1. Please find, among T278, T378, T273, the residue that is free of Cβ contacts under 8 Å to residues at least 40 places away in the same chain, in a helix (DSSP H, G or I), of a type in the set (S, T, Y) and surrounded by fewer than 21 Cβ atoms within 10 Å (Cβ to Cβ).
2. In the set L72, L59, L78, L88, which member is farther than 30 Å from A250 by Cα and not β-branched (V, I, T)?
3. Does F312 count as among the hydrophobic types (A, V, I, L, M, F, W, C), part of a helix (DSSP H, G or I) and farther than 30 Å from T138 by Cβ?
4. Out of the residues in the range 256-270 meeting the condition of being surrounded by fewer than 18 Cβ atoms within 10 Å (Cβ to Cβ) and farther than 19 Å from Q142 by Cα, tell me which one is modelled with the lowest pLDDT.
5. Being small (G, A, S) and part of a helix (DSSP H, G or I) is the filter here; which residues of the range 226-256 pass it?
6. Residues being without any contact (Cβ under 8 Å) to a residue 60 or more places away in the chain and either of a type in the set (S, T, Y) or surrounded by 10 or more Cβ atoms within 10 Å (Cβ to Cβ) (or both): count how many of those fall in the range 90-105.
Amino acid sequence: MALASPSNLLSLHNAGSKITSALPFRFAMRYDYNPKVTAIPDLALFDGLSPDDPGPKALPTLAECAVHLEMLEAFQALRQKVIHSKKLDQAFGMEPNRKTVYRKVWNGARRRKNRTYTIDKFVLKDADFAGKRKEKWTYFLQIAAVRFHAWIRVVNRCLKDHDANGAPVPRYLLLPPLDTLIIWHAYLLNCDDFKSYCAVQNLHHVQQIAFPWADIHNAIDRENWSYTLPSEQSAWLRENGNLDASLIDALSETTTNRKNPAWHLLKEFNSMTKTPWTEGLADPLVQTILNARSTRGANEALVNNVSRQVVFVDKMHGHRWIRSPAVHGTLRRAVDRYDKFLHLFRLYPGTFLVPTLDVDLVWHTHQCSAEDYRQFVTERVGRFINHDDKIGRGTLDFGFTSAEEWYRVTFGEQYQVCLCWSCEAILEAVDKMGDDVLAKEDSEALIRDLSVRVEREVNYYREVETARRLGKNLPVGWNHHKGT
């Protein structure tokens, strides 16, 4: 395993970083371009996805972890869309506070005595407006929290009726709108809080369900991470829960009619007025917005759950494992490391342990099926392991150090590893080659050739991502490389 030694991985990592920084310029003409690019991620990654509940005996699958990465990209894309939406600026009555100033503008003559000037008008940008726009995300989540409560009660009622008298269950019952999914997902990652909520609200059937990974995968467009509900589910939500399929669209559309009471209500959303609202009360959206305003305090925990997860979502977006050429190996190793991480809880019951980023992804994936996770962990570890994302930085650092020490002692492996595309790709290549190939006399030449091939492949995948973001045609495939 010489190729996977720390020194080799470090040199490849450093070389890859330098190449990546120059990608848009040095590698722009090295590939044939065609809009019909090979699917990235490889669709084989999602083989085995099933709407059926695997039960509490199974670890998360690679496919489920991959869909989780897709879902986090959809979350990140929605947050950016909400923050930068001009229509939502208008809906919430946000506008920049521009300042007008008058300045001397000289004509630029060389001789000072010949210089003249005019007084020109300048409009200065509002330096604080970018920060104000971010407040829309909080408002959006406060409205989403109300929709979550409505959605989950409808789902629980349907499941209860099905168990009681065999009432039919809609095909996409468990597939919520994206804003509702964000609230639900973050709530599930606070296991004990979600269990208590279900108990207090008498939502026992919801507590038992398996997360709908297959349906979520089918709802996400992997090119732009947009999320679209099937038309029949959109109609069902409207009929049974008075819920729009897309909250951002519903809020944006309020601005098309100046007399729309929902728009007037949104513009006053953050005001503390106690004057009763009387307009448009028959409109479900108006009722939702009114409920969001009146339950800010009660729903603050739900909004905070999502806000705390923003850091993790941004880290996943930064790594972009879902676009990596080595995503299969990254997720396979992550599931194995998560299994070992759980074993540490059993071996060292009094120790507080904090996961690495890849292990945390699998842990989150597992928790999304609340009851399956609870049963699995209780049997595997001997007690339930709660996931609490409200713990302070100092405690987290101590727990990570403890996990790192016990992981190395127990398994003889490094705990904190580089998870960049280059390092993961080289590990994937080594796994495919095997020890017998690396033991040959000409292994050094093999290693050099493999390093070049792997880095070319990684560069191609980076080029595809760069082209996608710039709206360019995408490369055909890295094996069509023409040479330097």
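1. Details: T278 fails: in a helix (DSSP H, G or I); T273 fails: in a helix (DSSP H, G or I).
One residue alone meets the criteria, T378.
2. Values: L72 fails: farther than 30 Å from A250 by Cα; L78 fails: farther than 30 Å from A250 by Cα; L88 fails: farther than 30 Å from A250 by Cα.
When all the criteria are applied, what remains is L59.
3. Numbers: among the hydrophobic types (A, V, I, L, M, F, W, C): yes; part of a helix (DSSP H, G or I): yes; farther than 30 Å from T138 by Cβ: no.
Spelling it out, it is not the case that F312 is among the hydrophobic types (A, V, I, L, M, F, W, C), part of a helix (DSSP H, G or I) and farther than 30 Å from T138 by Cβ.
4. Per the stated criteria, the residue is R258.
5. Just the residues of the range 226-256 that are small (G, A, S), to begin with: 226, 231, 234-235, 241, 245-246, 250, 252.
S231, S234, A235, G241, A250, S252, listed by residue number.
6. So the first thing to find is which residues in the range 90-105 are without any contact (Cβ under 8 Å) to a residue 60 or more places away in the chain, and the list is 94-105.
Keeping just the survivors that are either of a type in the set (S, T, Y) or surrounded by 10 or more Cβ atoms within 10 Å (Cβ to Cβ) (or both) gives 94-100, 102-103, 105.
Of the residues in the range 90-105, 10 are without any contact (Cβ under 8 Å) to a residue 60 or more places away in the chain and either of a type in the set (S, T, Y) or surrounded by 10 or more Cβ atoms within 10 Å (Cβ to Cβ) (or both).
Yes or no, residue by residue, for (1) assigned to a strand (DSSP E or B); (2) within 26 Å of R323 (Cβ to Cβ); (3) at pLDDT 95 or above:
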{"position": "P54", "(1), (2), (3)": "no, no, no"}
{"position": "K57", "(1), (2), (3)": "no, no, no"}
{"position": "A66", "(1), (2), (3)": "no, yes, yes"}
{"position": "A77", "(1), (2), (3)": "no, yes, yes"}
{"position": "D89", "(1), (2), (3)": "no, no, yes"}
{"position": "M94", "(1), (2), (3)": "no, no, no"}
{"position": "T100", "(1), (2), (3)": "yes, no, no"}
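The values are calculated or read from the model by the stated rules, or taken from the named source; none is laboratory data. Everything numeric in this text was worked out from a predicted model, so none of it was measured. With ideal geometry, Cβ positions are generated from the backbone for all residues, glycine too; neighbour counts draw on all protein chains shown.
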